[in-house]
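J.: Before anything else, here's the structure in question.
The values are calculated or read from the model by the stated rules, or taken from the named source; none is laboratory data. Here the structure is a predicted model, which is why all the values come from computation and not from measurement. Because the Cβ atoms are built from the backbone with ideal geometry, glycine has one as well, and the counts that use them run over all protein chains shown.
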């Protein structure tokens, strides 16, 4: 798992991951790129991350992938990420395509639901929590 | 004494309190009106492991994290 201040250098990351696994005999490599869209007059999105819980979440996914003979990778941005740049990339390597296609779907969807990352719109230099697009994590409401 | 920290957009300074279980933490946080809008939506971690049981026993020095709704990517 890789965290960066500001936008991701997607080509460097994907190229490096590909090089790292060049001799691993994986038949499928499926990358996913999340790009900041220009909408609602935002200049950028901004992100807070709680790294200790994110690392555990990611380690659990590594174990699930390993049980299927696959590898999951991810990188995410911290702080401000301007429109038309990337805040999130992930990828799955697996021996055959079917495992990778299914795993990238499950991994990215669970990432959206349970990775401890908070998103803010940036407008006129002001950071506004994206409450309406955010999802309570599994187990939310325990203390209510 | 345990510490309660509020992550992401909650924007509240950490609290220290006496609490034997997470139910005690819940009771104390419910007295704080600035948290009313958050508690029903927040998940909880104990020493960076997600927890799901109000009867979880706490010990001196434990750290409870309050995690509001997320949106990565």
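J.: If residue A:96 meets every condition in (1) surrounded by fewer than 17 Cβ atoms within 10 Å (Cβ to Cβ); (2) within 14 Å of chain B (Cβ to nearest Cβ); (3) farther than 27 Å from residue B:44 by Cβ apart from one, which number is that one?
T.: Single failed check for residue A:96: (2).
J.: For the list (1) touching a residue at least 12 places away in the same chain (Cβ under 8 Å); (2) crowded, with 20+ Cβ neighbours inside 10 Å; (3) over 24 Å from residue B:47 (Cα atoms), I need the number of the one condition that residue A:133 fails.
T.: Every condition holds for residue A:133 apart from (2).
J.: Out of everything in segment A:63-85 that is farther than 29 Å from residue B:66 by Cβ and surrounded by 20 or more Cβ atoms within 10 Å (Cβ to Cβ), what residue ends up being farthest from the chain's Cα centre (by Cα)?
T.: Kept after step one, since they are farther than 29 Å from residue B:66 by Cβ, are these residues of segment A:63-85: A:65-71, A:73, A:82-85.
Narrowing further to those that are surrounded by 20 or more Cβ atoms within 10 Å (Cβ to Cβ): A:65, A:70-71, A:73.
Numbers: A:65: 16, A:70: 17, A:71: 14, A:73: 9 Å.
The extreme case among them is A:70.
J.: Checking the conditions here, which among A:41, A:60 is within 11 Å of chain B (Cβ to nearest Cβ), out of contact with any helix residue (DSSP H, G or I) (no Cβ under 8 Å at 6 or more places or on another chain) and either surrounded by fewer than 15 Cβ atoms within 10 Å (Cβ to Cβ) or modelled with pLDDT under 95 (or both)? Can you show your working first?
T.: Numbers: A:41 fails: within 11 Å of chain B (Cβ to nearest Cβ).
Every option except A:60 fails the conditions.
J.: While we're here: Say whether the condition of being in a helix (DSSP H, G or I), under 14 Å from residue A:103 (Cα atoms) and out of contact with any strand residue (DSSP E or B) (no Cβ under 8 Å at 6 or more places or on another chain) is met by at least one residue in segment A:46-63. So that I can check it myself, show each step before the final result.
T.: Applying the first criterion (in a helix (DSSP H, G or I)) to segment A:46-63 yields A:51-63.
Among the residues that remain, those that are also under 14 Å from residue A:103 (Cα atoms) are: A:58, A:60-63.
From what's left, out of contact with any strand residue (DSSP E or B) (no Cβ under 8 Å at 6 or more places or on another chain): A:60, A:63.
Yes, there is a match, as at least one residue in segment A:46-63 is in a helix (DSSP H, G or I), under 14 Å from residue A:103 (Cα atoms) and out of contact with any strand residue (DSSP E or B) (no Cβ under 8 Å at 6 or more places or on another chain).
J.: Given (1) at pLDDT 95 or above; (2) more than 9 Å from chain A (Cβ to nearest Cβ), where does residue B:54 come up short, assuming only one miss?
T.: If we test residue B:54 against (1) at pLDDT 95 or above; (2) more than 9 Å from chain A (Cβ to nearest Cβ), just (2) comes out false.
J.: Quick check on segment B:22-29. Is at least one of its residues facing chain A (nearest Cβ under 9 Å) and in contact with a helix residue (DSSP H, G or I) (Cβ under 7 Å, 6 or more places away or on another chain)?
T.: Taking every residue of segment B:22-29 in turn, at least one turns out to be facing chain A (nearest Cβ under 9 Å) and in contact with a helix residue (DSSP H, G or I) (Cβ under 7 Å, 6 or more places away or on another chain).
J.: Counting only residues that are under 21 Å from residue A:115 (Cα atoms) and within 10 Å of the chain's Cα centre (by Cα), which one in segment B:7-45 is surrounded by the fewest Cβ atoms within 10 Å (Cβ to Cβ)?
T.: B:39
J.: Can you name every residue in segment A:119-132 that is on the phi < 0 side of the Ramachandran plot and out of contact with any strand residue (DSSP E or B) (no Cβ under 7 Å at 6 or more places or on another chain)?
T.: Those that are on the phi < 0 side of the Ramachandran plot and out of contact with any strand residue (DSSP E or B) (no Cβ under 7 Å at 6 or more places or on another chain): A:123, A:126, A:131, A:132.
J.: Of the residues B:64, B:13, B:25, B:44, which is touching a residue at least 40 places away in the same chain (Cβ under 8 Å) and touching a strand residue (DSSP E or B) at 6+ places or on another chain (Cβ under 9 Å)? Spell out the reasoning first.
T.: Values: B:13 fails: touching a residue at least 40 places away in the same chain (Cβ under 8 Å); B:25 fails: touching a residue at least 40 places away in the same chain (Cβ under 8 Å); B:44 fails: touching a residue at least 40 places away in the same chain (Cβ under 8 Å).
From the options B:64, B:13, B:25, B:44, the qualifying one is B:64.
J.: Here is a follow-up. Looking only at residues in segment A:115-130 that are at the interface with another protein chain (Cβ under 7 Å from one of its Cβ atoms) and assigned to a strand (DSSP E or B), which one is nearest to residue B:46 (Cα to Cα)?
T.: Applying the first criterion (at the interface with another protein chain (Cβ under 7 Å from one of its Cβ atoms)) to segment A:115-130 yields A:115-119, A:129-130.
Right, trim to assigned to a strand (DSSP E or B) and you get A:117-119, A:129.
On the way: A:117: 17, A:118: 19, A:119: 23, A:129: 24 Å.
The qualifying residue nearest to residue B:46 (Cα to Cα) is A:117.
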